[in-house]
Amino acid sequence: MVQEAEEFAEDRKVRDKVDARNKLEACIYSAQPTANGELGDKMDDGDREKVREAAREAIDWLEANPEADKDDYVEKLKQLEDVCSPAFATAYGNSGGGHDDDAEEDNDQDEL
């Protein structure tokens, strides 16, 4: 029974590591088309290039560190998100994807 518990703990560590790597890869492969697509057109050139470069660096890091541990993947994901999140938030604001004041004004009418 002790051996089974040890195997289960090892399996959990491997699963957590794979999950962390998958999250990083998902972020990378989501950031690239976003920066190159319609939302990227609404980003200023500096932010767009920062996102592209951060994604390229993360890919290079993944290829150079195939045996990284969970904490390494989590840290690299945080670094990528720290670049992408503000750039995408600004672009969403520039695209008019924020609050729709006209729609709210229509809903403020008094009912009879």
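Any read-out appearing in this document is the output of simple, stated calculations on the displayed coordinates, not a laboratory observation. These figures come from a predicted structure and were not determined experimentally. As a convention, Cβ positions derive from the backbone with ideal geometry for all residues, glycine included, and neighbour counts pool all protein chains shown.
For the range 20-94, a/c is not less than 1.5, where a ≥ b ≥ c are the root eigenvalues of the C-alpha gyration tensor, and a/b tops b/c. That puts it in the prolate class. Were the residues from ASP16 through GLU4 laid out at 0.36 nm apart, the gain over their Cα-Cα distance would be 2.5 nm.
Counting charges near THR34 (Lys, Arg +1; Asp, Glu -1) among other residues having Cβ under 12 Å from its Cβ returns a value of 0. Subtracting the Cα-Cα distance of LYS78 and GLU63 from 0.36 nm times their residue separation leaves 3.6 nm of extension gain. Summing charges over neighbours of GLU49, with a neighbour being any other residue whose Cβ is under 14 Å away from its Cβ, gives -2 when K and R count +1 and D and E count -1. Run the dipole for the range 1-40 about the Cα centre, Lys and Arg Cβ at +1, Asp and Glu Cβ at -1, nothing else charged, and hand back the magnitude in debye, nearest 20. Its charge dipole is roughly 220 debye.
Simple point charges give the picture: +1 on the Cβ of Lys and Arg, -1 on the Cβ of Asp and Glu, and for the range 20-94 a dipole about the Cα centre of about 220 debye. Charge tally for ALA64 (other residues, Cβ to Cβ under 12 Å; Lys, Arg +1; Asp, Glu -1): -4.
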